[in-house]
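Asker: Below you'll find the structure I mean.
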Amino acid sequence: MTYDLIIIGGGPSGINVAISARKAGLSYLILEKGMVVNSLFYFPVNMTFFSTSLKLEIHDIPFISHGDKPTRSEALEYYRRLVQSQQLNINLYEEVKEMMPVGDGSYTVYTTKGDYHARAICVSTGFYDTPRMMSVPGEGLPKVKHYYDDPHAYIGQKVLVVGAANSACDAALECWRKGAEVTMAIRSGEIYDRVKYWIKPDIENRIKEGSITAYFNTTVSAIRPTEVDLVTPGGPLTIDNDFVLAMTGYQPNYSLFEALGLPISDDDACKPVFNEDTLETTLPNVYMAGVACAGKQTSKLFIENTRDHGGVIVRSILGKKI
Ligand SMILES: Cc1cc2nc3c(=O)[nH]c(=O)nc-3n(C[C@H](O)[C@H](O)[C@H](O)COP(=O)(O)OP(=O)(O)OC[C@H]3O[C@@H](n4cnc5c(N)ncnc54)[C@H](O)[C@@H]3O)c2cc1C
């Protein structure tokens, strides 16, 4: 069969696009390499979203949470219910590997399980699969984590948290509160401005009172099983260490973009090149949706400000059919 639309990625954005397609009567299929909202499943277990549930809900389907800002488990529940109640057509645990134009403007999409044909493609693959590496010796040791899940693992341990954005501050505070000895290595001179307003004073005060040691203007130069080398403004420093939480951010999967044939901008953002009004890329009938649109500028887009993507893409597809 030829689908009107194949959606690559079953995160919040892929689900949003699928509901728009379904409402418009388009035939569609979501191909998701993991579980439903795979990225959210790997968010820290105790995390709370910075957005209110009202700002996250899509297609006027209510997102009920206990507090104003939902937790990870409430978000998992919301998206699970969306997929099931809307009876979305989604293939799970099926990874897209590449895509080929067929010649008439349609595409064949190749996955780990088969191939599919569609008149339009939506790429909504997010950025959470590819951590930004520090590229230092020892980064591949098992004690180095690029995803933080649960503070319980770090009770009584010497933990180095690398970074100063939301994930780093959340991890540092949680681990310290559970009894870890926390040190932070921060490349800049201060905690980032965009850290959640209720977290920033907390982390700054823990640093000021000496509960958490922070080295500013500092980078990691090497990691060994029981030590880490830092480069501080005062010179090289070696500290004892059990675990490194490298909260250095994430970026889209550029090898996938290459395998899909997506042209990428040659500026710092490295964004897939697309029309801002229609979200159609320079590959005809191939659309971008969700946070993947921002390329390396991962703090620019989030669920809140990409909720219109489903409607925009489906309107563009329908416009071409007339
Ligand atoms: C810790 C954290 C907290 C956040 N808090 C908020 C918040 O409060 N509010 C807000 O608006 N935003 C927040 N964001 C940002 C944003 O909401 C999330 O990144 C969100 O997951 C983006 O949705 P998405 O669908 O665009 O991408 P994703 O959720 O990353 O979905 C992409 C999907 O594509 C799949 N995929 C990838 N490659 C392939 C492939 N080759 N084949 C098939 N499937 C593939 C992935 O498995 C994944 O399920 C947060 C982000 C993080 C990391």
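The values are calculated or read from the model by the stated rules, or taken from the named source; none is laboratory data. Model, not experiment: these values are computed from the prediction. As a convention, Cβ positions derive from the backbone with ideal geometry for all residues, glycine included, and neighbour counts pool all protein chains shown. Remember, those area values only see protein heavy atoms, side chains included, never the ligands or the DNA or RNA. Shrake-Rupley method; radii C 1.70, N 1.55, O 1.52, S 1.80 Å.
Asker: In nanometres, what is the gap between the two model label sites at S106 and D266, each 7 Å from Cα along Cα-to-Cβ?
Answerer: That separation, rounded to one decimal, is 3.5 nm.
Asker: For a label point 7 angstrom out from the Cα of F50 toward its Cβ, which stretches of segment 198-218 have the backbone nitrogen within less than 13 Å?
Answerer: Inside the label zone: 198-201.
Asker: State the extension gain, in nm to one decimal, for the chain segment bounded by K23 and F41, taking 0.36 nm per residue of separation less the distance between their alpha-carbons.
Answerer: 3.8 nm
Asker: Run lengths n ≥ 4 of DSSP H only: what is the helix-derived mean residue ellipticity at 222 nm for the chain, with -39500 (n - 2.57) per run over all residues, to the nearest 500?
Answerer: -6500 deg cm²/dmol
Asker: OK, next. At 1.4 Å probe size, put L141, L173 in order of accessible surface, largest to smallest.
Answerer: L141, L173
Asker: Give a quick list of chymotrypsin sites (Phe, Trp or Tyr not before Pro) in segment 166-257 that DSSP marks as loop, anything other than H, G, I, E or B, with at most 15 other Cβ atoms within 10 Å.
Answerer: Passing sites in segment 166-257 are Y192, Y197, W198.
Asker: Something else: Between S221 and R194, how high is the FRET efficiency from 1/(1 + (r/R0)^6) when r is the Cβ-Cβ distance and R₀ = 35 Å? Nearest 0.05.
Answerer: It comes out at approximately 0.85.
Asker: As a test of reading the structure, rank R119, R224 by solvent-accessible area (1.4 Å probe, protein chains only), most first.
Answerer: Of R119, R224, the descending order of accessible area is R119, R224.
Asker: Charges only on Cβ, +1 for Lys and Arg, -1 for Asp and Glu: so what's the dipole of the chain about the Cα centre, in debye to the nearest 20?
Answerer: Result for the chain is approximately 460 debye, rounded to the nearest 20.
Asker: Mark the label point 7 Å from the Cα of R81 along Cα→Cβ and return the residues of segment 32-46 whose backbone N is within less than 19 Å of it.
Answerer: Label zone hits: 36-38, 40-41.
Asker: Follow-up question, since we're still on this one. What Kirkwood hydrodynamic radius, in Å, does segment 179-322 give when the mean of 1/r is taken over all pairs of distinct Cα atoms and then inverted?
Answerer: The answer is 18.7 Å.
Asker: At each listed q (0.10 Å⁻¹), what is the log10 of I(q)/I(0) that the Debye formula gives for segment 144-246 modelled as equal alpha-carbon point scatterers?
Answerer: For the requested q values the scattering log ratios are -0.23.
Asker: Positive end of the dipole of the chain, charges at C-beta (+1 Lys, Arg; -1 Asp, Glu), about the Cα centre: which of C293, Y254, T130 has its Cα farthest in that direction?
Answerer: C293
Asker: Please report, as a whole percent, how much of the solvent-accessible surface of segment 144-246 comes from carbon and sulfur atoms (probe radius 1.4 Å).
Answerer: Accessible surface attributable to carbon and sulfur in segment 144-246 totals 49 percent.
Asker: Something else: Can you give the accessible area of D193, probe radius 1.4 Å, in Å² rounded to 10?
Answerer: Near enough 120 Å² of accessible area.
Asker: Report D for the chain in µm² per second (integer): Stokes-Einstein, Kirkwood Rh on Cα pairs, 25 °C, 0.890 mPa s.
Answerer: Stokes-Einstein gives a translational diffusion coefficient of 117 µm²/s.
Asker: Find which of Y93, A153, H59 sits farthest along the positive direction of the dipole of segment 44-162, computed with +1 on the beta-carbon of Lys and Arg, -1 on that of Asp and Glu, about the Cα centre.
Answerer: A153
Asker: Please list, by residue number, everything in segment 79-121 whose backbone N is under 15 Å from a paramagnetic label point 7 Å out along Cα→Cβ of L318.
Answerer: It comes to no residues whatsoever.
Asker: Looking at segment 51-96, what % of the alpha carbon pairs are farther apart than 14 Å?
Answerer: So the portion of pairs separated by more than 14 Å is 53 percent.
Asker: Given charges of +1 on the Cβ of Lys and Arg and -1 on the Cβ of Asp and Glu, with all other atoms neutral, how large is the dipole of segment 105-214 about its Cα centre, in debye to the nearest 20?
Answerer: 100
Asker: Please work out, to two decimal places, the log10 of the ratio I(q)/I(0) at q = 0.14 Å⁻¹ from a Debye calculation in which every Cα of segment 34-170 carries one identical scatterer.
Answerer: -0.91
Asker: Something else now. Taking H placed 1.01 Å from N in the peptide plane, check which residues at least 5 places from M99 or on another chain put their amide H under 5 Å from its amide H.
Answerer: Y110
Asker: Evaluate the Debye formula for segment 70-117 with equal point scatterers sitting on the alpha carbons, no solvent, and hand back log10 of I(q)/I(0) at q = 0.26, 0.33 Å⁻¹, in q order, two decimals.
Answerer: The Debye formula, applied to the Cα set alone, gives -0.90, -1.09.
Asker: Separate question: Whenever you get a sec, line up F43, F50 from highest to lowest accessible area (probe 1.4 Å, protein heavy atoms).
Answerer: Listed by decreasing accessible area, they come as F50, F43.
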